[in-house]
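Throughout, read-outs are computed from the coordinates displayed, never taken from laboratory work. Since the model is a prediction, treat every value here as computed from it, not as a measurement. Cβ atoms come from the backbone with ideal geometry, glycine included; neighbour counts cover every protein chain shown.
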Amino acid sequence: MKIDYKIQDKIDFAILVPAFLLAISGLIAVYSSTINHPTANGNFDRQFIFLLLSVAAVIIIYFLPILTFRWITIVFYVISIFFLVLVLIMGKTVYGAKSWLSFGLIGFQPSELAKLGTILLLALWLSNRKQDINNIFDLGVSLSIGLLPVFLILLEPDMGTAIVFIAIIISMLFWAGINLFALFVVISPGVMIFMSLFGWLGLAGGLLLVITSLLLFRRNIFTSLTVFVVNLSSAFFFEFIFRLLKPHQQQRIDSFLNPDLDPLGNGYNALQAKVAVGSGGLIGKGFMQGNQTQLRFIPEQWTDFIFCVIGEEFGFIGSLIIIGLYILLLYRLLKLAHTVKDKFSGLIISGMIGLFFSHFAINIGMNIGIAPVIGLPLPFISYGGSSLLINMALIGLALNIYRNRKQYV
């Protein structure tokens, strides 16, 4: 039998190349946004070091036996939960959230580690289910695995990262075979809460959407009425949920709905980001030539608002290239999830898709004013060593799964 050793059969370059191009684009943007900054001019060096460490992580993970990830899953998840508890006790508070642990000169976010741990354990649990995932026990255990880190992260509090975990859970449950009606029941209350942000008109639109969906699902009258009441209740309980948020989180929601309400305060970043992106025009102002960037109109724009740096300096074309790289990466991951023979591996890929897509969509939405500012970095591009390292480790894992895609584990 002839064995095909073509490199394309061992490495999916449509996953590898976009990830590294995004990481290099991030280095360029971090350099431009920090080189003239009095306190952040060392960020480029640190990001470059973490990129080198990330390359090493990709190589190591790529060559590990695929069974390794099954063996370490439970221990890895427990360790990640331990660090999430530890950060609540001795973490460093940044922007109102106690989400960082520091060990000397090294600092990291335990929530980044928990993303990988949750994806692995949820994939292991769901892949071992022989019966229908829609039964109450299996669904309850699955939600418990995913919502435990969500609960701990909300205690920090970090609403943005909690939303990412919800996206991971939903994408993996969907891939595991949860039926569309059950998925609708899980998602719809959150949609109603979001719609209620826009007043009675938004509430009416949300309820109309719920009623239409229930008619299409054609469930019995008791089930449909129960789901409708749950959705209606979630909308009216928004005021209660809103009061549970920290003051700065409430102000961010108010600023999202009306940035002009506090243009020099909570709405400042969102307004300036839109100015930066819009002023870039078709081809941008040129590398290190952006006024908003170089004059530091947006505080710490090398993190959550780094996309506006790209938009201002490289314009619509540069922004479109970045978005295109993300779309290509997500498409190839989706294709891999469809073709891989091992259910455990396919579920891991579905978790990656939920993670990357939620970060990508929300962050860019923040930068162009169509999503609230909730503090989520842009994967591979935003400054942050622990985020870059975990994201690249996931790429290494995806490449490992591609290499073993024809095997049953």
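If every alpha-carbon in the range 182-221 counts as one equal scatterer, what log10 I(q)/I(0) does Debye give at q = 0.22 1/Å?
Log10 I(q)/I(0), no solvent term: -0.68.
Would you mind ranking TYR31, TYR77 so that the residue whose beta carbon has the fewest other beta carbons within 10 Å leads the list?
Result, fewest neighbours first: TYR31, TYR77.
Which translational diffusion coefficient, to the nearest whole µm²/s, is obtained for the chain from the Stokes-Einstein equation, given a Kirkwood hydrodynamic radius over C-alpha pairs, 25 °C and 0.890 mPa s?
Values: Rh = 22.5 Å.
After rounding, the answer is 109 µm²/s.
Based on the Cβ-Cβ distance from LEU201 to LEU334, what FRET efficiency comes out when R0 is 35 Å, to the nearest 0.05? Don't jump to the answer; show the numbers that get you there.
Working: r = 35 Å, r/R0 = 1.00.
FRET efficiency, LEU201 to LEU334: 0.50.
Using Cβ contacts closer than 10 Å as the measure, can you line up PHE217, PHE356 from fewest to most? Can you show the working numbers first?
Numbers: PHE217 15, PHE356 23.
Ascending number of Cβ neighbours within 10 Å: PHE217, PHE356.
Modelling each spin label as a point 7 Å along the Cα-to-Cβ direction, I'd like the VAL141/MET288 distance in nm, to one decimal.
Inter-label distance under the simple model: 5.7 nm.
List the pairs from LYS115/LYS335; LYS343/LYS406; LYS10/LYS335 whose alpha-carbon separation is above 20 Å, in the order I gave them. Present the calculation step by step, with values, prior to reporting the outcome.
Numbers: LYS115/LYS335 22 Å; LYS343/LYS406 11 Å; LYS10/LYS335 16 Å.
Beyond 20 Å: LYS115/LYS335.
Report the charge-dipole magnitude of the chain in Debye, nearest 20, computed about the Cα centre from +1 at each Lys and Arg Cβ and -1 at each Asp and Glu Cβ. Intermediate results must be reported in sequence, preceding the final value.
Numbers: 25 positive and 18 negative charges, 231 e Å.
Charge dipole, the chain, about its Cα centre: 1100 debye, nearest 20.
Give the distance, in whole Å, between the Cα centre of the range 129-172 and the Cα centre of the range 326-363.
Cα centroid to Cα centroid, the span is 17 Å.
Quick one: if you stick a label point 7 Å off each Cα along the C-beta vector at LEU209 and LYS6, how many nm between them?
4.4 nm
What number, in percent, do you get for the relative contact order of the chain if the mean sequence gap of Cα pairs under 8 Å and at least 6 apart is divided by its residue count?
On the way: 566 pairs, mean separation 109.1, N = 409.
It rounds to 27 percent for the chain.
Could you work out how much longer the chain between ILE59 and ILE187 gets when fully extended? Use 0.36 nm per residue separation minus the Cα distance between them, nm to one decimal.
Numbers: separation 128, 0.36 × 128 = 46.08 nm, distance 3.73 nm.
Roughly 42.3 nm would be gained on extension.
Given a Förster distance of 35 Å, report the FRET efficiency between VAL75 and THR226 from their Cβ-Cβ distance, rounded to the nearest 0.05.
Working: r = 40 Å, r/R0 = 1.15.
Taking R0 as 35 Å, the efficiency between VAL75 and THR226 is 0.30.
How much length is gained if the chain between LEU86 and ASN36 is pulled fully straight, taking 0.36 nm per residue apart and subtracting their Cα-Cα distance, in nm to one decimal? Before the final figure, lay out the partial values.
On the way: separation 50, 0.36 × 50 = 18.00 nm, distance 3.57 nm.
Here the answer is 14.4 nm.
List TYR331, TYR62 from most exposed to least, where exposure is judged by having the fewest other Cβ atoms within 10 Å. It would help to have the intermediate numbers written out before the result.
On the way: TYR331 14, TYR62 19.
Lowest count first: TYR331, TYR62.
Just to confirm a number: summing +1 for Lys and Arg and -1 for Asp and Glu over residues other than THR293 whose beta-carbon lies under 15 angstrom from that of THR293, what do you get?
Values: positive: LYS274, LYS285, ARG296; negative: GLU300, ASP304, GLU312, GLU313.
Summing Lys/Arg as +1 and Asp/Glu as -1 gives -1.
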